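Just below is one structure, and these are the notes that go with it.
The values are calculated or read from the model by the stated rules, or taken from the named source; none is laboratory data. Computed from a predicted structure; not experimentally measured. Note: ideal-geometry Cβ built from the backbone for every residue, glycine included; neighbour counts use all protein chains shown. All accessible areas refer to the heavy atoms of the entire protein, side chains included, with ligands and DNA or RNA removed. Shrake-Rupley method; radii C 1.70, N 1.55, O 1.52, S 1.80 Å.
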Amino acid sequence: MDRIRADHHYTISYSKANRAKWKAMERIFGNWEESYAELPLYVDALRRSNPGTTVFFEGPVIQENNMGRPIRQFERVFWAFGPALEAFKHCRPLVCIDGTHLYGKYKGTLLIATACDAENGLLPIAFAIVESENRSSWTFFLWNLFFSVGGINNLCVISDRHLGIIAGMKDIEESWLDQVPPQTWALCYDDGRRHGTMTTNRAESMNSVLKGVRGLPITAILQQTFIRVSEYFYTRRESAESMSGEHVPSMQQHLERTAHDARAMLVRRLDRSEFNVQDKNAVMYIVFLYPDNAECQCHVPKLFHYPCAHVIAACGYARISPGRYVSHWLSSESYRHTYEPRFHSVDDKSRWPIPTENDPIFIPPNVRRQAGRPVSTRRRMHMDSRDPSLRYTCSICHEKGHRKMST
């Protein structure tokens, strides 16, 4: 509206601007109703070009058309790209799950499962579009997620404890939670399964990455997630080829920074594997160095799977490389293997498979979004407010009270 006013000196109403926006989006991404009908055809083309991709639909059969094809009313769809599932095999067995609202023509919620690579980068592995966050929709998502990443032991799931997630977990507890130890889903039994991840910030970050996608027709949402994830893999693959050290750069920097702190510590050796390490505050820690793992009373090696300053100080005394106590999940080799899988282009619409009589035709759900401008940004809560005692520090002049961008 501001651009029309500036370029043409004419003020248009909000309703007219909104109608123009919908028409432009339909011209670029297709009609909303036709997008539901095209969804199974795109999925077939996606599966053919990218083997290992899993897609599951839910929706009741309403009737059959004159060619005998079933007409189903869309309820839910789950999808996980084959290369992303292959990449997850080389990541920590940890996923963050979260949901975010769609703001297109029809109501819906986008559910996302995000993993973490060796550089603590985001790795989206599964998506779903459901009617809302409730018990049934989260059960649908968790069932298909567990099936898609099956074969990975001790999978840890981190969530924001939405009531639908808790109820969904209860629905599958007989077949899943009873088969896995409580360390994989209960914080009080953590024992290092969370790898130091305490929040769902990774999933929240992926929500913001897909912010512009959430207002598109449903087939376009799948197409755009495919494009963005495939571009993400290519960028990370290029950076992985430049890695030369044993560990990823962030872990190498941590070891160097922590080794500097370890030089100021006093070490006494009590046994072949037991050490007393006193830090600069005169606090004593008991450290054990075993061939395969290290233990410290600060619990950092156990919770984060890399050595703390006390372990590094003991390693220096014993002339042992601290790198041996870094988890293989944090190695350069693991990072390269993560992004080795290749995404392959999906055929143009004109080359999609010809539908058979068993292929369903989906129609939109009867849950159209209400009139009015949708909220596209997450509402800030009390946890988002900044502590008034914390002050910004400028990276240029190093003065407190402002940032570089405000100078």
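Looking at the range 211-246, which of the residues that are aromatic (Phe, Trp, Tyr) and crowded, with 20+ Cβ neighbours inside 10 Å is nearest to PHE78 (Cα to Cα)?
Restricting attention to the range 211-246, the residues satisfying the condition of being aromatic (Phe, Trp, Tyr) are 226, 232-234.
Remaining after also requiring crowded, with 20+ Cβ neighbours inside 10 Å: 226, 233.
Working: PHE226: 13, PHE233: 21 Å.
Top of the filtered list is PHE226.
Does SER334 satisfy the condition of being touching a residue at least 60 places away in the same chain (Cβ under 8 Å) and either out of contact with any strand residue (DSSP E or B) (no Cβ under 9 Å at 6 or more places or on another chain) or part of a loop (DSSP other than H, G, I, E, B) (or both)?
In short, yes.
Can you pull out every residue in the range 112-158 that is of a type outside the set (A, V, I, L, M) and part of a strand (DSSP E or B)?
Those that are of a type outside the set (A, V, I, L, M) and part of a strand (DSSP E or B): THR114, CYS116, PRO124, PHE127, CYS156.
Hey, among the residues in the range 352-407 that are of a type in the set (A, V, I, L, M, F, W, C) and open to solvent by 80 Å² or more (accessible area, probe 1.4 Å), which one's modelled with the highest pLDDT? Don't jump to the end; show me each part of the working.
So in the range 352-407, the residues of a type in the set (A, V, I, L, M, F, W, C) come out as 352, 354, 361-363, 367, 371, 375, 381, 383, 390, 394, 396-397, 405.
Then keep just the ones that are open to solvent by 80 Å² or more (accessible area, probe 1.4 Å); that gives 354, 371, 375, 381, 383, 390, 396, 405.
Numbers: ILE354: 81, ALA371: 57, VAL375: 55, MET381: 50, MET383: 46, LEU390: 58, ILE396: 78, MET405: 65.
Filtering first and then ranking leaves ILE354.
If I ask for residues that are open to solvent by 30 Å² or more (accessible area, probe 1.4 Å), closer than 23 Å to TYR339 by Cβ and part of a loop (DSSP other than H, G, I, E, B), which ones from the range 53-111 would you list?
Passing the criteria: LYS89, HIS90.
Go through the range 265-281 and give me each residue that's open to solvent by less than 70 Å² (accessible area, probe 1.4 Å) and of a type in the set (A, V, I, L, M). Don't jump to the end; show me each part of the working.
Going through the range 265-281, the residues open to solvent by less than 70 Å² (accessible area, probe 1.4 Å) turn out to be 265, 267, 273-279.
MET265, VAL267, VAL277 - these are the residues of the range 265-281 that are open to solvent by less than 70 Å² (accessible area, probe 1.4 Å) and of a type in the set (A, V, I, L, M).
Can you tell me how many residues in the range 212-231 are at pLDDT below 90 and assigned to a helix (DSSP H, G or I)?
2
Output the strands (runs of 3 or more DSSP E) that fall wholly within the range 266-330 and possess 3 or more residues being out of contact with any Cys (no Cβ under 7 Å at 6 or more places or on another chain), or say none. Show your work before the answer.
Details: elements: 266-269, 274-278, 284-289, 294-296.
Of the strands (runs of 3 or more DSSP E) lying wholly inside the range 266-330, those with at least 3 residues that are out of contact with any Cys (no Cβ under 7 Å at 6 or more places or on another chain) span 266-269, 274-278, 284-289.
Answer yes or no as to whether GLU295 is over 24 Å from VAL55 (Cβ atoms), open to solvent by 70 Å² or more (accessible area, probe 1.4 Å) and touching a residue at least 60 places away in the same chain (Cβ under 8 Å). Let's see the steps before the verdict.
Working: over 24 Å from VAL55 (Cβ atoms): yes; open to solvent by 70 Å² or more (accessible area, probe 1.4 Å): yes; touching a residue at least 60 places away in the same chain (Cβ under 8 Å): no.
Answer is no for this residue.
Looking only at the range 3-20, how many residues end up being open to solvent by 100 Å² or more (accessible area, probe 1.4 Å) and part of a helix (DSSP H, G or I)? First the steps, then the outcome.
Initial filter on the range 3-20 (open to solvent by 100 Å² or more (accessible area, probe 1.4 Å)): 3, 8-10, 14, 19.
Still in the running and part of a helix (DSSP H, G or I): 3, 8, 14, 19.
Qualifying residue count for the region: 4.
Under the condition of being of a type in the set (D, E, K, R) and under 14 Å from LYS349 (Cα atoms), which residue from the range 21-46 is most open to solvent (accessible area, probe 1.4 Å)?
Ranking the qualifying residues of the range 21-46, first place goes to GLU34.
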